[in-house]
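First comes the structure, then the notes that go with it.
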Amino acid sequence: MKIAVAKGDGIGPEIMEAVIGVFNAAKVPLEYQFVDMGKWVFDKGFSNGMTPEAKDTIEQLGILFKGPMETPKGKGVKSVNVTARKTWNTYANDRKFQTLSGVDTVFSKAGINIDLTIVRENIEDTYGGIEHMLTQDVAIARRFITRGGSEQVIRYAFEMAQKKGARRITCGHKANIMKLTDGLFLEVFNEIAKEYPNLKADDVIVDDLCMKLVSRPDLFDVIILTNLQGDIVSDLCAGLVGGLGFAPSSNIGDHISIFEAVHGTAPDIAGKNIANPTSLLLSGLNMLRHLGMMEKAVMIENALLSTLESGIHTGDFGDKSIPSVNTTVFAQAIIDNFGKQPTHHPKPSLQDFDFIPTNRAITKNPMLLSSKNEPHKIVGADFFIETTLQPNELAALAIKQEKNQLKLVTISNRGTQVWPTGSVFTNLVNQYRLRFETDPASPLAQADIIDLYAALSKDFKISSLELLNMWGDKKAYSLAQGQ
Ligand code: NAI
């Protein structure tokens, strides 16, 4: 089997060479096609950080094994890492965190074993990077959570949890505050949980989850989160097991999957042959499991665990009384340990895997069609306007423009109601939301909203507009705080 390999920037080439050396010594049946991605490709003028040839090769081969890549600062270019994940719809970021002998942590010293998998949604949320300044002082970001996007990653998490015989699958969320976005993610989780009655499924609010993870990480097994929360919680979990140098990452999609270390290019130690290749090696082992090469993955992982147990370490971790070794010597020690079983937590053959067969057939945009078919109506609109008026003055002006049965029902500032009731203690910025609603029994046409827009625009600078929708008898918008 042929896969695409991008060595990356900084320490990338050194750790990639070490890992491929281990794979070759283990006779892993893979052929490597090296592709051009990363900082030097940006520098050559390719604004997305990869050459067209690299893109074609990756799309043809379906698997990319990559080293860390630097995003040039201040050049207005987007991260090639994020571009790759989003372009190829690698919707599930699977990160495994396990206690490793030889890597001391407060938990390993207390005899608490950690074996956690975080599945982070990888495409949506605020990572769309859709941001606007509404006034010179007010920036907003759009946060996309979709039913289809949630379904595909949550289903991946359940499939993986079932295959690995997980004790528990937990959804982390903030649906108590973000009732529509995190609420949708949690709703989909609860729906899919019904299809897996043998798995213990539950949910925990994300702040509580962080507290529980740092006090009793052994109580968790598989955790699924939206993108930003997943990003933060997974670095927290990396800290629990000894740092980013021990955290592998798989970006799984239906057609293309990307395997990479969690850490960056470590420019401070690049070119010195002292970097720790463990994170990239563990990511490579996830890749072998993904490709069904279980026996090779287990053999190499047991050799890695035996090496760590023996106290051999690079400079970034381990017993300081034992001199550290460089990247090449560390990789050679792993090769020398082929066939050995570690004393603690040996990896059993053919178990604990996340083999999801790669489906290379393309179904064109399956998420365009909704599985829901509730009748839709427009019952109002939120107008976001820039003004320095006080709420009462603003309301008096806005009420004069009421049209087509649309009545001003609330004014809020940064989400908190300031009219018809409010508090003098609420601090105001020059950006208000005016909500106009009609009686749901007499829904509106878009033209009614445009009439109101035209009327309001005589008095106000309107920065943006959101329709207030209903599907069936459910309001598809949140209340203002205090409404
Ligand atoms: P970093 O992870 O590169 O470095 C943080 C610290 O950890 C440094 O002290 C470094 O020496 C150490 N470190 C990281 N990996 C190590 C390893 N394998 N062995 C020993 N020590 C290691 O994070 P930083 O400095 O924030 O980012 C540097 C560059 O990497 C930036 O351009 C960033 O955009 C990029 N980056 C790329 C990622 C990717 O390709 N997926 C992920 C994170 C950052």
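Taken together, the values in this text are just the output of simple stated rules run on the coordinates, not laboratory data. What you see is a predicted model, and the numbers here were worked out from it, not measured in a lab. With ideal geometry, Cβ positions are generated from the backbone for all residues, glycine too; neighbour counts draw on all protein chains shown.
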By what distance, in whole Å, do the Cα atoms of region 408-483 stretch along each of the three principal axes, largest value first?
37, 31, 17
Give me the angle, in degrees from 0 to 90, between the Cα long axis of helix 147-163 and the longest principal axis of the Cα atoms of the chain, rounded to the nearest 10.
30
What FRET efficiency comes out for the pair Asn113/Leu236, r = Cβ-Cβ distance, R0 = 25 Å, nearest 0.05?
0.90
Percentage relative contact order, region 216-333, counting C-alpha pairs under 8 Å, at least six apart
20
Would you mind checking Lys27/Lys320; Lys272/Lys320; Lys96/Lys372; Lys194/Lys475 for any pair whose Cα atoms are more than 29 angstrom apart?
Lys27/Lys320; Lys96/Lys372
For the pair Tyr477 and Ala441, how long in nm is the line joining their label points, each one 7 Å along Cα→Cβ?
2.1
Distances longer than 38 Å among the Cα atoms of the chain: what percent of all pairs is that?
36
To check you understand DSSP bridge types, tell me what percent of the beta bridges within the chain (both residues inside) are antiparallel, rounded to 5.
65
Zone of Ser79 (label point 7 Å along Cα→Cβ, backbone N under 17 Å): which residues in region 266-283?
266-267, 280
Quick check: the angle from helix 227-240's long axis to the longest principal axis of the chain, C-alpha only, nearest 10 degrees?
40
Treating cross-link reach as a plain straight distance, find the aspartates and glutamates whose alpha-carbon is under 17 Å from the alpha-carbon of Lys39, omitting any fewer than eight places away in the same chain.
Asp9, Glu14, Glu53, Glu70, Glu260, Asp268
The helix 294-309 Cα axis meets the longest alpha-carbon principal axis of the chain at an angle in degrees, between 0 and 90 and rounded to 10, of 80
Report the Cα centroid-to-centroid distance between region 101-158 and region 52-84 in angstrom, as an integer.
20
Going through region 384-483, which chymotrypsin sites (Phe, Trp or Tyr not before Pro) have at most 13 other Cβ atoms within 10 Å and a DSSP loop state?
Phe425
Relative contact order of the chain, please, whole-number percent, based on alpha carbon pairs below 8 angstrom and at least 6 residues apart.
16
In range of the label at Asn24: residues from region 30-51 whose backbone nitrogen is under 20 Å from the point 7 Å along Cα→Cβ
30-36
Computed over region 376-475, the relative contact order (Cα-Cα under 8 Å, seq sep at least six) in percent reads 49
Within region 412-446, whose backbone N sits under 17 Å from a point 7 Å along Cα→Cβ of Ala396?
419-421
For region 180-228, state which trypsin sites (Lys or Arg not before Pro) are in a DSSP loop and have at most 12 other beta carbons lying within 10 Å of their beta carbon.
Lys194
Counting only DSSP loop positions in region 378-483, the trypsin sites (Lys or Arg not before Pro) whose Cβ has at most 16 other Cβ atoms within 10 Å are Lys403, Arg414, Lys458
Segment Arg216-Val429, length gained on full extension (0.36 nm per residue, minus Cα span)
72.5 nm
Computed Rg/Rh of region 137-224, alpha carbon atoms with Kirkwood Rh:
1.02
